[in-house]
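Chemist: Quick one: structure below, then a few questions.
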Amino acid sequence: MNRYWACPRAWEDGVLVCKQVQPVTNDVKTFLFEPAEPRVFRHDPGQHLTVTLEIDGREVDRCYTISSPPSRPLVAAITVKRVPGGVASNWLHDHLAPGHALRARGPLGTFSPVRHPAGKYLFLSGGSGITPVMSMTRTLHDLAQPTDVVFVHSARTPADIIFRQELDFIAATSQHIRVVHVCETDGPGERWLGHRGRLDLEMLHRIAPDFLDREVFTCGPPAYMAAVRDMLTGAGLPEERYHEESFDLPSQSTVDTGVKYTVELARSGVTIECDSGTSLLEAASSSGITLPSSCGQGMCGTCKTTLLRGSVDLRHNGGIRPREVAADKILLCCAKPRENLVLDC
């Protein structure tokens, strides 16, 4: 452990080694990583990693929220739910073991209370969407912050409540964090006596009558977040106080403006044409050129490259750091040309 204290540089984009695999529920596991080189993890609670997996001879990139808090900087954890037919989640569950190494990028993302400081929070999560708000809650608890938090987690059955024992411990030992579980139905061996059904406005009024005074962070399945967002904004919560995390964002819009620019790919020696309303990645694909990419939404950073000449309209979702943008890095999936360009790819 001394190597970390002696060299407290922050990890960023590199190789991680799996240190431990922890079963959480029957279909959820937590994977703990340490950097291959002596580094510590410095991230904002709620940020994510993009991991690259070698599956059946090809590389697969996936974004996973860091479930561990920055207050425990020697390891970073991701918590993954097995998904029927899920390529990456099933591979992690079936193959990743202590000692295995993988490449990762991060920490990335803007979904964090660090960017939205407040005295009172409402954390809402559904299923495996608990991971970012768990990192936030662990951080506040570890640092003994006097921040008023109501944490409402929705699960299918009591057996599906992720981090149930730890959350109960946090609630029992903190004066400021209140945890409420909502289950749709009983479990195979437990009758659920708490809030039952799906979260609705009447239930939320009972749990947190002052919810309109709180900064709200939500993560869960798309349908869950859409319902929560409509419910809260319909009740009068200002949109700027509602924040949600999703790796299934709508596609970036493409508009044919009729304004064309040339884009030179310096390494490839190829020049293509791109409309000012089209992303560089989409223009390359339309020209038959395949460039590294994954999420296509400006979150994972896979398509990061250097802009050698020209300027772009870049509207990302946290997949690139401000200092990288200052160093002329861009994400091809969410950059649209403003003039003729030269790219380092």
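The values are calculated or read from the model by the stated rules, or taken from the named source; none is laboratory data. None of the values given here were measured: they were computed from a predicted structure. Please note: Cβ atoms are built from the backbone with ideal geometry, for glycine as well, and neighbour counts cover all protein chains shown. With ligands, DNA and RNA removed, areas are computed over all heavy atoms of the protein, side chains included. Shrake-Rupley method; radii C 1.70, N 1.55, O 1.52, S 1.80 Å.
Chemist: Compute the length gained on full extension between residue 344 and residue 118: take 0.36 nm times their separation in residues and subtract their Cα-Cα distance, giving the result in nm to one decimal.
Modeler: Computed gain between residue 344 and residue 118 is 77.2 nm.
Chemist: Between residue 190 and residue 273, how high is the FRET efficiency from 1/(1 + (r/R0)^6) when r is the Cβ-Cβ distance and R₀ = 51 Å? Nearest 0.05.
Modeler: 0.25
Chemist: Right, something else. Can you work out the PRE-style zone for residue 289? Point 7 Å along Cα to Cβ, and I want the residues of segment 311-345 with backbone N under 20 Å.
Modeler: Backbone N within reach: 311-315, 328-345.
Chemist: Which FRET efficiency value, to the nearest 0.05, is calculated for residue 201 and residue 54 with the Förster distance at 45 angstrom and r the Cβ-Cβ distance?
Modeler: So the FRET efficiency works out to roughly 0.45.
Chemist: I've got another one for you. Under a Cβ-Cβ cut-off of 14 Å, what is the net charge of the residues other than residue 270 that fall near it, where Lys and Arg count +1 and Asp and Glu count -1?
Modeler: With Lys, Arg at +1 and Asp, Glu at -1, the net is -2.
Chemist: Compute a Gaussian network model of the chain, connecting alpha carbons closer than 10 Å, and tell me which residue from 180, 114, 51 fluctuates the most.
Modeler: Greatest mean-square fluctuation among the candidates belongs to 114.
Chemist: Among 328, 94, 160, whose mean-square fluctuation peaks in a Gaussian network model of the chain (Cα, cutoff 10 Å)?
Modeler: Of the options given, 94 has the highest mean-square fluctuation.
Chemist: A follow-up question, please. Measuring with a 1.4 Å probe in the full set of protein chains, what accessible area per residue, in whole Å², belongs to segment 270-345?
Modeler: Spelled out: the 1.4 Å probe surface of segment 270-345, per residue, equals 43 Å².
Chemist: For segment 294-345 and segment 94-152, compute the distance between their C-alpha centroids and round to whole Å.
Modeler: 27 Å
Chemist: Among 132, 69, 158, which one shows the biggest mean-square fluctuation in a GNM of the chain, springs joining Cα atoms closer than 10 Å?
Modeler: 158
Chemist: Setting aside same-chain residues fewer than 8 positions from residue 336, which lysines have a Cα under 21 Å from its Cα?
Modeler: Leaving aside lysines fewer than 8 places away in the same chain, those within reach of residue 336 are 260, 304.
Chemist: State the antiparallel share, in %, of DSSP beta bridges confined to segment 196-274, rounding to the nearest 5.
Modeler: 55 percent
Chemist: On to the next question. For segment 110-148, list residues with backbone N below 15 Å from a point placed 7 Å from the Cα of residue 72 toward its Cβ?
Modeler: Correct set: 131-144.
Chemist: Quickly work out the residue 103-to-residue 175 label distance, labels modelled 7 Å from Cα along the C-beta direction, and quote it in nm with one decimal.
Modeler: So the label points at residue 175 and residue 103 sit 5.0 nm apart.
Chemist: Heavy atoms only, probe 1.4 Å: what % of the accessible area of the chain goes to carbon and sulfur, would you let me know?
Modeler: The computed percentage sits at 49.
Chemist: From the phi of every residue in segment 64-79, what ³J(HN,Hα) in whole Hz does the Karplus formula 6.51 cos²θ - 1.76 cosθ + 1.60 yield, where θ is phi - 60° and glycine or proline is x?
Modeler: 9, 5, 6, 7, 7, x, x, 6, 10, x, 7, 9, 10, 10, 10, 10
Chemist: Determine the sum of side-chain charges near residue 287: Lys and Arg each +1, Asp and Glu each -1, restricted to other residues whose C-beta is under 13 angstrom from that of residue 287.
Modeler: -3
Chemist: What FRET efficiency, computed as 1/(1 + (r/R0)^6) with R0 = 41 Å and r the Cβ-Cβ distance, is obtained for residue 143 and residue 260, rounded to the nearest 0.05?
Modeler: 0.20
Chemist: Hey, another quick one. Net charge near residue 76, counting Lys/Arg +1 and Asp/Glu -1 over other residues with Cβ under 11 Å of its Cβ?
Modeler: Cβ neighbours under 11 Å give a net charge of +3.
Chemist: Please work out the Cα center distance from segment 11-82 to segment 199-233, rounded to the nearest Å.
Modeler: When both Cα centres are located, 28 Å separates them.
Chemist: Also, quick follow-up: When only C-alpha pairs under 8 Å and at least 6 residues apart count, what is the relative contact order of the chain, in percent?
Modeler: Relative contact order, the chain: 13 percent.
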